[in-house]
Amino acid sequence: MTKPVFRFAPSPNGRLHLGHAYSALLNDALARRFGGRFLLRIEDIDITRCRPEYESAILEDLAWLGLDWEKPVRRQSEHFSDYRSAFERLKGRGLVYPCFCSRKHIAERIEAIEAESGEGWPRDPDGAPLYPGTCKNLSPDEAARRIGSGEAHAWRLDSDAARSRLPGPHGFTRFTPDGATNTVEADPWRWGDAVIVRKDVPTSYHLAVVVDDALQGVTHVVRGQDLEAATDLHVLLQKLLGLGAPLYHHHGLILDSGGDKLAKSRKSEALFELRARGGTAAEIRQRLGFAF
């Protein structure tokens with residue numbers, strides 16, 4: 001019988017905080033409970049923000065917490081060819097198109113549409129406006145000319161083409177720490193024509209994560225509730241690429257004193273800062289509900 005496979009997948013673009021610690025400890029605890037394996041994956045596709053010193057700090061913090069993981073560690077930056085292969089499969093089926101728009105251009109286009117219609121433009125689950133399709137109907141010749149000239153471009157999923165291939169219904173299987181499961185309805189279309197390959201790197205979070213989970217044989221994805229909506233898009237990509245789907249558990253978030261989720265971007269107190277103030281791994285684990 002194949003063992004369950006869990007993974008903790010941080011990005012080395014800052015220091016880990018208590019929210020990361022909770023997710024890592026929960027993955028490890030559930031792997032132990034289900035007699036499974038625990039993997040560490042470094043999600044470092046953002047080559048402009050990710051740094052080697054942050055990766056070293058992640059390894060140090062996790063070891064300090066008493067965690068151990070299988071080696072070698074998968075680093076996304078070493079596997080761009082895997083993501084390129086998946087993208088080419090989508091491209092070969094006519095499921096993606098190049099987009100030359102800047103964020104400023106998209107914002108201006110949506111502002112003009114809203115001014116003309118008097119209505120608000122729809123937004124994705126993260127609050128970003130859905131792409132208005134400016135580049136969707138470019139002729140193949142025009143798109144090829146602009147790509148050939150070196151114009152920066154991303155690649156977007158053609159949600160209309162995807163919907164014609166896989167109209168649904170779509171869903172994913174949610175599991176609880178006690179092993180119970182249920183099916184959750186998914187609505188990938190609320191993401192619109194999501195970016196699948198970014199302008200600066202040959203993939204995106206959404207594409208890389210489904211490819212990684214499949215290649216690593218991940219059977220149980222345990223991550224925060226802030227990523228639950230993204231699962232709708234991941235389910236669709238898994239089906240379009242013919243990949244297996246893991247079970248999902250989206251845990252509650254660790255909040256700060258103001259009720260906001262902890263985040264690197266808000267300079268939430270990092271584990272190394274707690275350690276510098278005299279905190280111990282045992283205290284952190286007990287505080288998060290994972291006493292030794």
Could you compute Rg(Cα) / (2.2 N^0.38 Å) for the stretch 79-249, with N its residue count? 1.10
For the stretch 79-249, what does the relative contact order come out to in percent, with C-alpha contacts under 8 Å and a separation of six or more? 27
Against the longest alpha carbon principal axis of the chain, how many degrees, from 0 to 90 and to the nearest 10, is the axis of helix 18-33 turned? 70
For a quick check: with amide H placed at 1.01 Å from N, whose amide H comes under 5 Å from LEU262's, ignoring anything fewer than 5 positions away on the same chain? ILE254, ASP256
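Using the structure shown, select from LYS104/LYS264; LYS3/LYS239; LYS136/LYS199; LYS71/LYS199 the pairs with a Cα to Cα distance greater than 28 angstrom.
LYS71/LYS199
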Nonlocal amide H pairs with CYS99, under 5 Å, H built at 1.01 Å: ALA154, TRP155, ARG156
Nearest-ten-degree value, helix 103-117 long axis tilted from longest Cα axis of the chain: 60
Count the DSSP beta bridges whose two residues both fall in the chain, then state the antiparallel fraction as a percent rounded to the nearest 5. 55
I need to check one value: relative contact order of the chain, counting alpha carbon pairs closer than 8 Å and at least 6 residues apart, in percent. 23
Vicinal HN-Hα couplings computed from phi for the stretch 78-92 (Karplus, 6.51 cos²θ - 1.76 cosθ + 1.60; Hz; Gly/Pro x): 8, 9, 4, 5, 5, 6, 4, 4, 5, 4, 4, 5, 5, 5, x
Karplus 3J(HN,Hα) series, Hz, for the stretch 155-168 with 6.51 cos²θ - 1.76 cosθ + 1.60 (x for Gly, Pro): 10, 10, 6, 7, 5, 5, 5, 5, 5, 5, 7, 10, x, x
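Based on DSSP H runs of at least 4 residues, each adding -39500 (n - 2.57), what is the mean residue ellipticity at 222 nm of the chain after dividing by all its residues, to the nearest 500 deg cm²/dmol?
Numbers: 10 runs with 110 residues, N = 292.
Taking each H run of at least 4 residues, the total per residue is -11500 deg cm²/dmol.
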I'd like the Kirkwood hydrodynamic radius of the stretch 78-153, using the inverse of the mean 1/r over distinct C-alpha pairs, in Å. 14.7
Nearest-ten-degree value, helix 230-241 long axis tilted from longest Cα axis of the chain: 70
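Report, in debye and to the nearest 20, how large the dipole of the chain comes out about its Cα centre when Lys and Arg carry +1 and Asp and Glu carry -1 on their Cβ. Mind dumping the intermediate values first?
Details: 40 positive and 40 negative charges, 130 e Å.
I would put it at about 620 debye.
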To make sure I understand, if each residue's beta carbon is the centre and we count other beta carbons within 10 Å, what order do HIS234, HIS249 fall in, fewest to most? HIS249, HIS234
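Order of 237-244, 189-196 by packing, highest average Cβ count within 10 Å first? Intermediate results must be reported in sequence, preceding the final value.
Values: 237-244: 16.6, 189-196: 20.2.
So the order, starting with the most tightly packed, is 189-196, 237-244.
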Cα lying deepest toward the dipole's positive end in the stretch 79-249, options TRP191, PHE100, PHE175, charges on Cβ: PHE100
Mind checking the dipole of the stretch 79-249: about its Cα centre, +1 per Lys or Arg Cβ, -1 per Asp or Glu Cβ, Debye to the nearest 20? 540
In the chain, if the dipole is taken from +1 on Lys/Arg beta carbons and -1 on Asp/Glu beta carbons about the Cα centre, which of PRO72, LEU241, TYR205 is farthest to the positive end? PRO72
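What does the charge dipole of the stretch 1-135 about its Cα centre add up to, to the nearest 20 debye, if the Cβ of each Lys and Arg holds +1 and the Cβ of each Asp and Glu holds -1? Please report the intermediate quantities before stating the final value.
On the way: 20 positive and 20 negative charges, 132 e Å.
Around 640 debye, computed over the stretch 1-135.
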Once amide H atoms are placed 1.01 Å from N in the peptide plane, what residues at a sequence separation of 5 or more from VAL5, or on another chain, have their amide H within under 5 Å of its amide H? ARG37, THR219, HIS220
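The numbers here are math on the coordinates, done by the rules we state, and not lab data. Please read all numbers here as calculations on a predicted model, not as lab measurements. Methodologically, a virtual Cβ is constructed for each residue, glycine included, from the backbone with ideal geometry; neighbour enumeration extends over all protein chains shown.
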